[in-house]
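The values are calculated or read from the model by the stated rules, or taken from the named source; none is laboratory data. It should be emphasised that the depicted structure is a prediction, and the values quoted were computed from it without experimental measurement. Counting neighbours? That spans all protein chains shown, and the Cβs are built from the backbone with ideal geometry, glycine included.
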Amino acid sequence: MTVQDLWLLSPEIAMTGVAIAIVFADFFIDNKRTLSYMAALLLIVPLLLSLNLWFDVIGDTEATSGLFGSLVADRFALFFHFLLLGITAAVITASVQYVERLKGLEGEFLALVLFSVTGMLLLVSARELISIYVALELTALPAAALAAFRRDGLSIEAGLKFIILSAVASAVLLYGIVFIYGYTGTTNLEAILTRLGDLPSDPGTPFGSYAVLFAVVMIVAGFAFKMAVVPWQMWVPDVYQGAPTPVAAFLSTASKASAFAVVIRIMYTAFGSDSLSQDWSGLFAALAVASMLFGNLLALGQSDIKRLLGYSTIAQAGYMLIGVAAVAANTSNGDPLAGPQGTMYYLAGYAFTNLAVFFAIIAISNRTGSNEISSLNGLSKRSPLLAMLLTVGVISLIGIPPTVGFMSKAVVFSAAVNSGLLWLAVVGVVNTVVAAFYYLRIIRAVYFEEAEDESRITADAPVILATSVAVAGVALFGAVPWLILRLAEKSLDLLAA
Amino acid sequence: MTLENVLLVSGIIFAIGLYGVLSRRSTIALLMSLELLFNAVVIAAVAFSRFTPSAGLADAGAVTANEVRAALTGHVFAVLVISVAAAESALALALIFALYRAKETVEITDVSEMKR
Amino acid sequence: MNEAFEVPTVVSFAFWVASAITIAAAIMVVTVRDVFKAAVFLAGSFIGVSAIFFLLNAEFVGVVQILVYVGAVSILIAFSVMMISDVSHGSQPSRARYASVTVSALVLAAIAVTVYNTEWTLNSGLTDPDAIAGLSGTFIEDEIASGEGRVRDASGIQASDSQVVQTGVLGDSTGTVGALLVREFVLPFETVGLVIVAALIGGLALMRPREGEPDPRGGG
Amino acid sequence: MFSEPLAWLIIALPVAAFVLNGTAVRAFLGPQSLVAGWITIAAVAGSFVLSIFALESVASDGATIHQQHDWIDVVGLHLTFGILLDQLTAIMFVVVSGVSLLVQIYSQQYMHGDRSYTRYYSFMALFTAAMLGLVSSRNVIQLFVYWELVGISSYLLIGFWMERPSAAAAAKKAFLMTRFGDFGFLLAILYIFSVNPEYLDIPALYEAVGAGAIAASVATWIALGLFMGAIGKSAQFPLHSWLPDAMEGPTSVSALIHSATMVTAGVFLVARFFPLFEASNVMDLVALIGAFTAVFAASMGLVANDIKRVLAYSTISQLGYMVMALGIGAYAPALFHLFTHAFFKAGLFLGAGSVHHASGTFNMRFMGGLRKDMKWTYWTMVIGSLSLAGLFPLSGFWSKDEILATAFERESGVGWVVLIAGLVAAFMTAFYMFRAIYMTFHGEYRGGAEVEAEMARNANLPEPVGLGHTHRHESPWMMVAPLIVLATLAVVAGFLVNPLFDVGPINKHAFATFVTERNESVFSVDQHGDVPAGAEESHLPDAVHAGAEPEFNIPVAAVSSVMAAGGILLAYAMYITGAVSPVAMGRRLSAIYSVLLGKYYFDELYEDRIVVRGFYNRLARSLAWFDTAWIDNVNVQLAKLTANVGRGLANVQNGQAQAYAAVMAIGFVVVLFAFLVWGS
């Protein structure tokens, strides 16, 4: 390990430091609100270190890798560093009130969130399959504990379901990794690409060989669990419903983003050759269709808003997968990275959107104590501000312009059209029409239903702040999409090189 | 003992573990089945280490230290997987205890309040 | 297959015995009604697996397997079974057996199809006696153990390193694995430490009683 | 030349009013601040003045296409936006901002005292801004953005009185049904994108169509998708049923929706892509859908008792007129009808609101005799109705006649269908409008909201929501003044099209000459916005050129006038004198008479006597039944089907973790074997 390695690893190291610092600060700080603010503010350190690396990387023609190739601090990783740290800061800010009510477990809650984020940072930076697996576990185990954190029946059920199913997914993923290792003799993503090029490939078999086919499907299945993609999405609605709302918000944005990041990295690095990408493009297209249909159809009948958002996140994962499926191999004139670029923009936009919705719900359920859609009835009178913020978020989820939800769909669909997947874009459009039905129920409850309890809802200032920031992002990045798209474009130019 | 046979043994243990995960009612027994899944993975990793070192080994007459390292990656993999699985089972046990305290049951079938 | 690389008959026989024991124990783990007995069979199965590791020249992994699984995990599970009193005698029989068998059989079929249809790059073409010794025997001679660190490039494979030399320091595969753990795989190795810490914090937080539980259905 | 910042300002002013009202006014001055109204009025007035300048500039200098700006410019995706200010845009600018301005002034009084006054005005400003943006968009995606904004703001306005469940249901229905149409629009955009992303720029698309670069089959598919969007927004069959329900919003909102914004967006869309439609094979379909809608909706207007519903069916029917006109290539007449219709329909709606203000109800069964108390409202509504019925020399006559004359000249099958549909619809329109006038303003006063509420109580029905105060008097001048302006416009606007002779500065066919100029100027502009030296030849078919405008066709005009007059007379005979043909109406005569004397008899009249026997009602009722039982039902059933499929799927989600694990494992195996079976 050299100084250079430490430097490349500095955001993750700092993140670990923050987590441990919070564990210890918990002993000394009695005002737990301060502790939350401290955790949110300390995120500046890894953020600054990531920024520093970003400016270091700009101008380099080759990815900056370290630790014997197991780590890479390229712009792709750093893009997700920014996103993940931003999400974390927002989630911690929004859950200040929730943390205060934990009574004795405040430090643990924050530390677990921070450990999970450390895992995500490692996940998006790792370029070696064993590291990726371990980092994945570092994100999953704290998440399972967090899901059970309310410690009532529903919450424990959520945690238990999450950890059991996550373990199954891990085992599947591991089997895939082992087969790749066995077939190519390495776990380094770039080396896998080289090896696969050297090894003989059977044109009649998908992916050129049974072992690679098996491994790719298993690896995709393992990550699809985290991405909430059909048919590995089963845990999502239950865990979202049972877990504390801040945790559900965290899972639906950060966990999903990091899983997409690592899938894009693995697919474009290890299996990025033209012949292979043809094959997995079809796989992702099929999974995208299944996810959109399943998520949208099941969301229609939900009455619990968190459960509804759980199904919604499955459908949204389907839209994002359209971008992953839109690989250049299918086209003659398309840009090789338009698809992942669209997915990155979508992920960022979705993070803003979904956080806005979840935060608004946190603010409301802090007061009403219910997660039924009917608890939103008459919200426009009880709190016009929250009603407005929630509405903007939902409008973005539906995909109505000029929000980021519309623009990101437009970008992803256009990438699909460019890579010859017009049919996939059409399926996506059909689904946006179906989705309007159930999202509209939220707006309807907010504006058009009578409230049983007419008393005003006054939300805690931090929640309002976090929600407003998220809503501002929804509006800003919808109106000025190139801000993120340019960033994503820059991030990607090293990935496919 | 050929590579295929060892992998088959690994596959059989994987399938047995999966059967346990799908059918056992007791969460503790379910946890044991999960450990079988991980063990199957570890067997496969070690088997690959033993039988299929890197592709480079096959065509080059001489073997280099790096290639030996590549071959032993499977062992490293095995050790790390075992450690992570142990941590995972510890947390899962904690959850099972919490479940027992909250609901006086450890049957996975009783943990199905949330559905549809 | 290279003569020198062939697995001795004794080892092969031992492998089949160990596999049979492991599989039998594993089947007992997932079928026996008494969870405590299942825990005992699990330990047996772990021991069988570690035997397989030894037979595959993976001494280090075998030792870790015994330490972690047999020594820690099985005991932990056994204790849990004893602490949750009604588990050992009141365990319900397995359910949906036929469906589960079908699904498991399908997965096994998928694995088998893959395994037998893949042309694995076996080291049958290997001629270098040192390499064969390093991979199949107990000892390898390697510069890694001498502590001369070499920097590898991003791909990590085609590095500028020399051949295995006879004059190196003597070491078995354990040494090499150890060196790998703190060099090439230091990142996952350290991360595992974090995983354990996180699991510990999570487990403690879930187990610890807390004063005045928050409103159990408090939205939040 | 009208500069680009000014064009943006037209849109930006109402947006600023929206933001200002939504934030500062609401926060500091409260939800009932009168300031909100003045802010919106001032902003829309500013837009209107600028729109006049824009029109003047286009009239003198021709169309301007402003520079396109990069919106998204990354690898793989290049989107632009910009202002396309041609004759079509200029006219729409003036109509939208002008009608909106009058509606805003009217609302100052009409919405007075509403507890969400500020919210009303901020949404109205947004609605206006979205429509103004829509008509000036240069890029298809940009157009779609505004298109959806129009949809969402209309959703919020239709459901404005949220305490009524029916308002919420109506808003949802409007949103979802138009969204169904948007689905076609989106598909069309995707298809354009897949053909060539450059064509998303509308001038580039015109150029490509002109150069024949787009094959007829491609144009057909794109046009079909666009037309589907238009069907949804403009409430054409079979996506029309949201519009009558949309009456649940405040009447002033209805006035805006039905005249200048929202529903005209669909007609505008077809007009905007008219060259593409011309190049496609869907024109006949457009004509037939329009013709069918015109008759179908008019027939349902015959039996409606709610004055706003009568007007709503009338709107659908008139939109059908415009669509069928576009379908037979009558570009200028269709636009002219849109133009005139905006004035008299807005006037009629505002008049209905004024009546409501006095009587507290929209149900014509409880009105009557209001003529004496509300002279201004009465006369303006009569003028609007005459214009809508298409009587000489009001503006409705000229625009309707242009369409019918064009259809006559076509001498094709579709032309005849359109002509007959147009005549039938004209007859029905005249009848139901004057039925409405007579029921509302003539005869005895039948009690208004109080009686309605009492009857509802007696019948154990929920009480209708009224304004509460029902003193019969003329509305305040702020409400009457817009009525007068609109009535005046309904009279004089017709002279712009005047096919007979030059009137002062206004030439014969002035309107048609103006709108068809667009072709030369727009087509001759390359994609970068620079106007090249030599103007290209127009690519629109000859029929839409000014020179080929249909000459005034006296037989057609005479027949249509007779139809209209016949409708009025029939209504007069039925509702005033009761002296309809004794042979045909026989026993019903005395029935009507007694019914009109005993005002509470109306229920029976409708449910029993006339409905059972009346020949026109039988048709109308069955069509109305078809509408609710089939068209609406199909939508409901579709929604149910989706929900049921979802519920079926949900059985997998049974809460059992092990079932979930099984699904995961099976999913993996299925994917793997799917690969093995279907190969790569």
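General observations
- Residue in the stretch D:54-69 that is assigned to a loop (DSSP other than H, G, I, E, B), without any contact (Cβ under 8 Å) to a residue 60 or more places away in the chain and within 12 Å of another protein chain (Cβ to nearest Cβ) present: no
- Yes/no for D:D114 being closer than 19 Å to D:N21 by Cα and of a type in the set (D, E): yes
- Given (1) part of a helix (DSSP H, G or I); (2) crowded, with 22+ Cβ neighbours inside 10 Å, index of the condition D:T261 fails: (1)
- Inter-residue pairs, beta-carbon under 8 Å, first facing another protein chain (nearest Cβ under 10 Å) and in the stretch A:479-492, second among the acidic types (D, E), 6+ apart: A:W482/D:D70; A:W482/D:D73
- Residue check, A:A415 facing chain D (nearest Cβ under 7 Å), surrounded by 24 or more Cβ atoms within 10 Å (Cβ to Cβ) and without any contact (Cβ under 8 Å) to a residue 12 or more places away in the chain: no
- Residues within the stretch A:435-471 that are more than 13 Å from chain D (Cβ to nearest Cβ) and assigned to a loop (DSSP other than H, G, I, E, B), tallied: 8
- Take the conditions (1) over 22 Å from the mean Cα position of the chain (by Cα); (2) away from every other protein chain (no Cβ under 14 Å); (3) outside any loop (DSSP other than H, G, I, E, B); A:G86 misses just one of them, which is (1).
Let's see how each residue does on (1) small (G, A, S); (2) closer than 20 Å to D:N139 by Cβ; (3) touching a His at 6+ places or on another chain (Cβ under 6 Å):
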| site | (1), (2), (3) |
| --- | --- |
| D:L6 | no, yes, no |
| D:A43 | yes, no, no |
| D:L50 | no, no, no |
| D:W71 | no, yes, no |
| D:G82 | yes, yes, yes |
| D:S100 | yes, no, no |
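- Only one of the listed residues (A:A445, A:A459, A:A425, A:A410) is touching a residue at least 12 places away in the same chain (Cβ under 8 Å) and closer than 30 Å to D:V195 by Cα. That residue is A:A425.
- Given (1) more than 9 Å from every other protein chain (Cβ to nearest Cβ); (2) touching a residue at least 24 places away in the same chain (Cβ under 8 Å), index of the condition A:F55 fails: (2)
- Test result for A:S155, touching a Pro at 6+ places or on another chain (Cβ under 6 Å), in a helix (DSSP H, G or I) and facing chain C (nearest Cβ under 9 Å): no
Okay, residues lined up against (1) surrounded by fewer than 18 Cβ atoms within 10 Å (Cβ to Cβ); (2) in contact with a strand residue (DSSP E or B) (Cβ under 7 Å, 6 or more places away or on another chain):
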residue: A:A436; (1), (2): no, no
residue: A:I443; (1), (2): no, no
residue: A:E454; (1), (2): yes, no
residue: A:A461; (1), (2): yes, no
residue: A:L465; (1), (2): yes, no
residue: A:V471; (1), (2): no, no
residue: A:A475; (1), (2): yes, no
residue: A:L485; (1), (2): no, yes
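- Residues that are surrounded by 24 or more Cβ atoms within 10 Å (Cβ to Cβ) and not small (G, A, S), drawn from the stretch A:152-162: A:I156, A:E157, A:L160, A:K161, A:F162
Conditions (1) within 10 Å of chain A (Cβ to nearest Cβ); (2) of a type outside the set (A, V, I, L, M); (3) over 17 Å from D:G184 (Cα atoms), marked per residue:
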| residue | (1), (2), (3) |
| --- | --- |
| D:F127 | no, yes, yes |
| D:M131 | no, no, yes |
| D:Q142 | yes, yes, no |
| D:S154 | no, yes, yes |
| D:L157 | no, no, yes |
| D:A168 | yes, no, yes |
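For (1) under 28 Å from A:Q316 (Cβ atoms); (2) more than 20 Å from the chain's Cα centre (by Cα); (3) at pLDDT 90 or above; (4) within 11 Å of chain C (Cβ to nearest Cβ), each residue gets a yes or a no:
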position	(1), (2), (3), (4)
A:A145	yes, no, yes, yes
A:L160	yes, yes, yes, yes
A:G176	yes, yes, yes, yes
A:S201	no, yes, no, yes
A:T205	no, yes, no, yes
A:G222	yes, no, yes, no
A:K226	yes, no, yes, no
A:V236	yes, no, yes, no
A:V239	yes, no, yes, no
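- Selection count where residues are more than 7 Å from every other protein chain (Cβ to nearest Cβ), farther than 15 Å from B:Y19 by Cβ and out of contact with any Gly (no Cβ under 6 Å at 6 or more places or on another chain), scope the stretch C:12-32: 5
- The stretch D:176-203: number of residues that are more than 9 Å from chain A (Cβ to nearest Cβ) and under 16 Å from D:L77 (Cβ atoms): 7
- For the stretch D:653-668, the candidate set comprises residues that are hydrophobic (A, V, I, L, M, F, W, C) and crowded, with 17+ Cβ neighbours inside 10 Å; within that set, the residue that is farthest from the other protein chains (Cβ to nearest Cβ) is D:A659.
- Long-range neighbours under 6 Å by Cβ, at least six apart or interchain, first residue at the interface with chain A (Cβ under 7 Å from one of its Cβ atoms) and closer than 20 Å to A:M120 by Cβ within the stretch C:182-208, second among the hydroxyl-bearing types (S, T, Y) and crowded, with 24+ Cβ neighbours inside 10 Å: C:L187/A:S70; C:L187/A:S131; C:P188/A:S131
- Residues of the stretch A:179-194 satisfying the condition of being in contact (Cβ under 8 Å) with a residue 12 or more places away in the chain and assigned to a helix (DSSP H, G or I): A:F179, A:I180, A:Y181, A:G182, A:Y183, A:T184, A:L189, A:E190, A:A191, A:I192, A:L193
- Any hit, the stretch A:180-190, residues being among the hydroxyl-bearing types (S, T, Y), within 7 Å of chain C (Cβ to nearest Cβ) and surrounded by fewer than 24 Cβ atoms within 10 Å (Cβ to Cβ): no
- In the set A:P200, A:P206, A:P231, A:P237, only one residue is within 22 Å of A:V289 (Cβ to Cβ) and surrounded by fewer than 24 Cβ atoms within 10 Å (Cβ to Cβ); that residue is A:P231.
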